[in-house]
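To keep things clear, I will list the structure first and then write my remarks on it.
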Amino acid sequence: MTVSVFQQGALIFTEGDPPDCAYLIEEGRVEIASERGAERVVFDVLGPGEVFGEIAVLDAERRTATARALTEVRLVRIDRAQLIERVEQSDPIVRQLLRKLLTRYRSTVAVLRGELESRRGHEEQDPDRGAIAKISLEAALRAALHGGEQLELRLQPIQEVATSRVAGYEALIRWQHPEWGSVAPDRFIQLAEETSLITVVGAFVLREGCRALSALRARGHDVFVNVNVSARQLEAPDFVATVERVLSESAVDRRGIKVEITESQRLDYGRVAQAIDALRGLGLSVVLDDFGTGFSNLSHLHRLHFDAIKLDRSFVRDMGRDHRAMAVVEAIIEIARALGAETVAEGIETPTELDQVRALGVRYAQGYYVGRPVPLATLL
Ligand code: C2E
Ligand code: CA
Ligand code: CA
């Protein structure tokens, strides 16, 4: 941390200077003013705890005002690199809002100075169209969750390999937007994860999953229903409470609900292990999804008390062509067995693949060859 001291009357920076840092006032008072020839406008007088000079630093434009020490001042320097790093790490939507605010601030200053014409071109540059698209997607998802009709679950059959019986279904969310058509779950789940919407989506999926299980059981189908939860979701502080609330609102047989945990890039294994234990404490089963793509970080595996693993589709695809891939699959199945977990192979697209996983002793199979995801109504 660098502290600079300026004597009373000293200039800290001058309008038009290129920016290199912002300042936090530790002691003393600073005047922010614009001095143009004979004209002088004082914008502000700042005291201890206040920050100045941040605008020019954030958008790398020249200083729009002059800062002068009114008393002796002690200032803490905040380097441009420090500030920019924090902004870069922030949520894209926050970043976009910040940019908009900066643009607006700059044009307000320009209007005040009668310079609007010369700045117009600058204002029209939009550095992050993606963020705008995201905001509208998020607003639409909020509306969809509120209305309820655009979102629904599709159920994909999971077959018991030894008996060829449908033993359960995986619930896969679908969003049918009136104008955009169907929005892929990969796309909006990730978006929801960046906001608190994921809690609402998660509650919806679990509620609908419970409803599907009850409806299927009422028709005499002895099945389970798997619902997806991303590891990010588990990390939300209200996750377990939400699950508990939704379950308490439904009379479903909890042993029939299996929670598939999908991996995200950075995982807090401690939190995930806790959430898994909490879910099992509520009477649910836990499946590690896409197994082999990340959970297999072997130093953490023993801490996760899961009931089943889902072998990722990429293994199923490769094992027919590559004996080394097959060896890896055999080893994964061995690990699961040693840990007392069941195995599910996903992405089975051909009878050959089904035969292969049968030969390996995999308990369940799922994939387009077994059946496509369908609406609940077609199963009743
Ligand atoms: P996932 O959990 O690995 O789901 C399997 C995906 O593979 C599904 O895509 C499914 O339709 C597709 N699939 C099934 N069988 C086959 C096959 O034989 N071949 C091929 N090529 N694909 C097959 P979908 O429904 O688009 O879901 C994509 C991902 O979105 C899911 O991957 C899951 O990570 C996420 N997701 C879906 N629904 C939910 C949900 O309700 N909550 C959460 N958190 N994530 C969800
Ligand atoms: Ca899944
Ligand atoms: Ca999967």
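Mind telling me which of the residues L155, L206, L216, L172 ends up being more than 16 Å from ligand 1 (Cβ to nearest atom) and modelled with pLDDT of 85 or more? Just one listed residue meets the conditions, L216.
State which residue is surrounded by the most Cβ atoms within 10 Å (Cβ to Cβ) when the search covers only segment 204-248 and only residues that are within 16 Å of ligand 3 (Cβ to nearest atom) and without any contact (Cβ under 8 Å) to a residue 40 or more places away in the chain. Residue satisfying both the conditions and the ranking: V229.
Residues of segment 194-224 that are touching a Lys or Arg at 6+ places or on another chain (Cβ under 8 Å) and within 15 Å of ligand 2 (Cβ to nearest atom): F224 alone.
Being assigned by TED's automatic domain parsing to the domain that holds E160 and more than 20 Å from F224 (Cα to Cα) is a property that E342 lacks.
Within this structure, R337 passes the test of being out of contact with any Phe, Trp or Tyr (no Cβ under 9 Å at 6 or more places or on another chain) and either closer than 20 Å to L155 by Cα or outside any strand (DSSP E or B) (or both).
Taking S250 as the residue in question, decide whether it is part of a helix (DSSP H, G or I), of a type in the set (S, T, Y) and farther than 16 Å from V286 by Cα. Lay out the reasoning, then the answer.
Working: part of a helix (DSSP H, G or I): no; of a type in the set (S, T, Y): yes; farther than 16 Å from V286 by Cα: yes.
No, not satisfied.
Taking the criterion of being out of contact with any helix residue (DSSP H, G or I) (no Cβ under 8 Å at 6 or more places or on another chain), part of a helix (DSSP H, G or I) and either within 15 Å of ligand 1 (Cβ to nearest atom) or within 19 Å of G168 (Cβ to Cβ) (or both), the only residue of segment 275-301 that qualifies is R280.
Tell me, please, whether a residue that is more than 16 Å from ligand 1 (Cβ to nearest atom), buried (at least 16 other Cβ atoms within 10 Å of the Cβ), assigned by TED's automatic domain parsing to the domain that holds I261 and within 25 Å of the chain's Cα centre (by Cα) can be found in segment 302-312. Yes, segment 302-312 contains at least one residue that is more than 16 Å from ligand 1 (Cβ to nearest atom), buried (at least 16 other Cβ atoms within 10 Å of the Cβ), assigned by TED's automatic domain parsing to the domain that holds I261 and within 25 Å of the chain's Cα centre (by Cα).
The values are calculated or read from the model by the stated rules, or taken from the named source; none is laboratory data. No experiment lies behind these values; they were computed from the predicted model shown. We place every Cβ from the backbone using ideal geometry, glycine too, and count neighbours over all the protein chains shown.
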